[in-house]
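**Student:** Got a structure here, written out as structure tokens. Questions coming.
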Amino acid sequence: MENSKPKLDLETNLGHRLDQRKMKGLELPRYELSKAGIQGDLAYRLIHDHLMLDGNAMLNLATFVGTWMEPEALNLMRECVDKNMIDKDEYPQTAELENRCIRMLARLWHAPDPDQAIGTSTTGSSEACMLGGMVLRWHWRQRRKKQGLDDTQPNLVMGTNTQICWDKFCAYFDVEPRMVPISKNHLQMTAEGAIAACDENTIGVVGVLGSTFDGSYEPIKAIQEGLDLVQQEKGLDIPIHVDGASGAFVAPFNSPSLLWDFQLPRVKSINTSGHKYGGVVPGVGWVLWREQADLPEELRFNVNYLGGQMPTIGMNFSRPGAQIVGQYFNFIHLGHEGYCQRMASLESTASYIADSIEAMGTMKLLSHPKGQLPVFAVAVSETVTKWTVFQMSDRLRMRGWQVPAYTMPANCEDLAVLRFVIRAGFTRDMADLLLQDIRNAIEWFEKLNLPMPDPNPEHKPFHH
Ligand SMILES: *Cc1c(COP(=O)(O)O)cnc(C)c1O
């Protein structure tokens, strides 16, 4: 029998306005290309409707990634939607904006000579971390080769709280991950823990500025000092890469006196996500090296087949240019003061929510937004017997809020938390709505009188 699904008559639909009746029963091709296509407005309508059940980005407190930009920025980005970043000859003006962004970041992060800054935009922090890690590995191998030592067992020291991209780096680049465990009363890697894990095969230490799990900063300065001692005692010169995916856009504005960047001589490279607190929609990231010498010539490539001689660094070749334009827009639109104001307001909104939740008396804060990312994690107090963070997360989801619940990494797996990430666009009004929904949920759980749920359902740790 012939396929009985209604078929779209392309002839009669062509050039006409979308006819609602014709859409009835029409299905989106799912796993196989359909034989004939459908016209653009119909395809738009079908996909638009399909996406209706996606979450509402404004109510999403799970992700770190930007969901709001000025309309002017979005217009500009729309104008650049067809520009390929790699065609630096065709789009020299876009390439120039990338270069300006790199210099601005180099100044913000106190590179010794910002005008000689070396770095690149990327698709996000993950790619930026791969590049940072790869360069650490390259330098380590060169040192080992020169000394005639074994160069087959590289390791990278980091906390168990690092983001998943570092597990990927180690797997993709054949490097042993040396995970420093965290503990319940200390949810970051300590300098002592990092130092104890280092040996002659350590290509570097990753310090996280803004842990994905609770927003707290790792002690980069103390790690630098610890590594200085290691050098004095054992002659090992171990560099630091700072994963500032979130914090490298927060700390310079909120905590200008905190020492974490190129002011510390061991910090050889820093990455950040332009699409997190840089305020751009996904996806753009950045990685910068301290000085020209920190990025070996061997890892820079020149392409000549697009016209000129252009150096390129990065995993990708073609990539959208619009996000770089968006980043530059934010830099000139906000300026230093604008970023300071934005970060201060995020910190104050996040602190307000954290303090109000603590005041409810049923949850305890594991971290506080003051002096860290506008992010915090809470656990349920021991006195609570009728609900868990997982149920709270589900209950809030019914109201549209996305507040993830997850267990902490190794050593702390029995610690289950709710995490709140506050981003630009989240207002005081929304904070009050959220707080009221949390109060209502608590009241609802208390009234229900259900038997105590399993406190440790199989929820995997959450990475973003
Ligand atoms: C988000 C994040 C990453 C990955 O960044 P993407 O831009 O999403 O690729 C890496 N490290 C940390 C600490 C992060 O928070």
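Residues checked against (1) within 24 Å of Ser367 (Cα to Cα); (2) of a type in the set (Lys, Arg); (3) away from the ligand (no atom under 16 Å from the Cβ); (4) at pLDDT below 95:
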| residue | (1), (2), (3), (4) |
| --- | --- |
| Val208 | yes, no, no, no |
| Asp214 | yes, no, no, yes |
| Ile223 | yes, no, no, no |
| Gly235 | no, no, yes, no |
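**Student:** Moving to a separate point now. Looking at (1) closer than 22 Å to Gly124 by Cβ; (2) assigned to a helix (DSSP H, G or I); (3) open to solvent by less than 30 Å² (accessible area, probe 1.4 Å), find the lone condition where Gly338 falls short.
**Tutor:** Result: Gly338 passes all but (1).
**Student:** So for segment 256-275 (the condition being exposed (fewer than 15 other Cβ atoms within 10 Å of the Cβ), within 16 Å of the ligand (Cβ to nearest atom) and assigned to a loop (DSSP other than H, G, I, E, B)), does at least one residue qualify?
**Tutor:** No.
**Student:** Restricting the search to segment 80-105, which residues are closer than 22 Å to Gly244 by Cβ and open to solvent by 80 Å² or more (accessible area, probe 1.4 Å)?
**Tutor:** If the condition is that a residue be closer than 22 Å to Gly244 by Cβ and open to solvent by 80 Å² or more (accessible area, probe 1.4 Å), then Arg100, Arg103 are the ones that fit.
**Student:** Oh, and also: Identify the residue in segment 244-255 that is open to solvent by 10 Å² or more (accessible area, probe 1.4 Å) and in contact with a strand residue (DSSP E or B) (Cβ under 9 Å, 6 or more places away or on another chain) and, among all such residues, is farthest from the ligand (Cβ to nearest atom).
**Tutor:** Applying the filter and picking the extreme gives Ser255.
**Student:** If you don't mind, there's one more thing I want to ask. Which residues, taken from segment 276-302, are open to solvent by 20 Å² or more (accessible area, probe 1.4 Å) and within 15 Å of the ligand (Cβ to nearest atom)?
**Tutor:** Those that are open to solvent by 20 Å² or more (accessible area, probe 1.4 Å) and within 15 Å of the ligand (Cβ to nearest atom): Lys276, Val281, Pro282, Gly283.
**Student:** Which residue pairs have Cβ atoms under 6 Å apart, sit 6 or more places apart or on different chains, and have a first residue in segment 228-252 that is closer than 18 Å to Leu209 by Cβ and a second that is modelled with pLDDT under 95 and within 11 Å of the ligand (Cβ to nearest atom)?
**Tutor:** Within 6 Å, the pairs are Ser246/Phe64; Ser246/Gly210; Gly247/Gly210.
To keep it simple, each residue is scored yes or no on (1) in a loop (DSSP other than H, G, I, E, B); (2) hydrophobic (A, V, I, L, M, F, W, C); (3) outside the structural domain of Lys276 (by TED's automatic domain parsing).
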residue: Leu346; (1), (2), (3): no, yes, yes
residue: Tyr352; (1), (2), (3): no, no, yes
residue: His368; (1), (2), (3): yes, no, yes
residue: Arg395; (1), (2), (3): no, no, yes
residue: Gly400; (1), (2), (3): yes, no, yes
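**Student:** Go through (1) farther than 20 Å from Cys129 by Cβ; (2) in a loop (DSSP other than H, G, I, E, B); (3) in contact with a Ser or Thr (Cβ under 9 Å, 6 or more places away or on another chain); (4) modelled with pLDDT under 95 for Leu306 and report which single condition fails.
**Tutor:** Among (1) farther than 20 Å from Cys129 by Cβ; (2) in a loop (DSSP other than H, G, I, E, B); (3) in contact with a Ser or Thr (Cβ under 9 Å, 6 or more places away or on another chain); (4) modelled with pLDDT under 95, Leu306 violates only (3).
**Student:** Sticking with this one: Out of curiosity, is Cys129 assigned by TED's automatic domain parsing to the domain that holds Phe249, open to solvent by less than 50 Å² (accessible area, probe 1.4 Å), within 15 Å of the ligand (Cβ to nearest atom) and within 17 Å of Arg290 (Cβ to Cβ)?
**Tutor:** yes
**Student:** Still on this model: Which residues, taken from segment 58-79, are among the hydrophobic types (A, V, I, L, M, F, W, C) and either crowded, with 16+ Cβ neighbours inside 10 Å or over 21 Å from the mean Cα position of the chain (by Cα) (or both)?
**Tutor:** Leu59, Leu61, Ala62, Phe64, Val65, Met69, Ala73, Leu76, Met77
**Student:** Under the condition of being part of a strand (DSSP E or B) and of a type in the set (Gly, Ala, Ser), which residue from segment 176-205 is least open to solvent (accessible area, probe 1.4 Å)?
**Tutor:** Among those that are part of a strand (DSSP E or B) and of a type in the set (Gly, Ala, Ser), it is Gly204.
**Student:** Moving to a separate point now. Could you tell me which residue of segment 106-126 is surrounded by the most Cβ atoms within 10 Å (Cβ to Cβ), considering only residues that are within 16 Å of the ligand (Cβ to nearest atom) and of a type in the set (Val, Ile, Thr)?
**Tutor:** Going through the qualifying residues, I end up with Thr122.
**Student:** Take the conditions exposed (fewer than 15 other Cβ atoms within 10 Å of the Cβ), part of a loop (DSSP other than H, G, I, E, B) and modelled with pLDDT under 75 and apply them to Pro461. Does it pass?
**Tutor:** No: the conditions fail for Pro461.
**Student:** Follow-up question, since we're still on this one. Scan segment 169-180 and tell me whether some residue there is more than 17 Å from Phe376 (Cα to Cα) and among the hydroxyl-bearing types (Ser, Thr, Tyr).
**Tutor:** yes
**Student:** If I filter segment 142-199 down to residues being hydroxyl-bearing (Ser, Thr, Tyr) and within 16 Å of the ligand (Cβ to nearest atom), which single residue comes out as nearest to Glu127 (Cα to Cα)?
**Tutor:** Tyr172
**Student:** With the requirement that a residue be open to solvent by less than 20 Å² (accessible area, probe 1.4 Å) and either of a type in the set (A, V, I, L, M) or not in a loop (DSSP other than H, G, I, E, B) (or both), what does segment 223-243 give you?
**Tutor:** Ile223, Gln224, Gly226, Leu227, Val230, Ile238, Ile240, His241, Val242, Asp243
**Student:** Just checking, does segment 93-104 include any residue being in a loop (DSSP other than H, G, I, E, B) and not charged (D, E, K, R)?
**Tutor:** no
**Student:** Taking Met363 as meeting all but one of (1) over 23 Å from the mean Cα position of the chain (by Cα); (2) open to solvent by 10 Å² or more (accessible area, probe 1.4 Å); (3) at pLDDT 95 or above, write down the number of the exception.
**Tutor:** Unmet for Met363, out of (1) over 23 Å from the mean Cα position of the chain (by Cα); (2) open to solvent by 10 Å² or more (accessible area, probe 1.4 Å); (3) at pLDDT 95 or above: (2).
The values are calculated or read from the model by the stated rules, or taken from the named source; none is laboratory data. Every value quoted in this text rests on a predicted model; they were computed, and no experiment measured them. No Cβ is skipped: glycine too gets one built from the backbone with ideal geometry, and neighbour counts run over all protein chains shown. Side chains included, ligands, DNA and RNA excluded: accessible areas come from the protein's heavy atoms. Shrake-Rupley method; radii C 1.70, N 1.55, O 1.52, S 1.80 Å.
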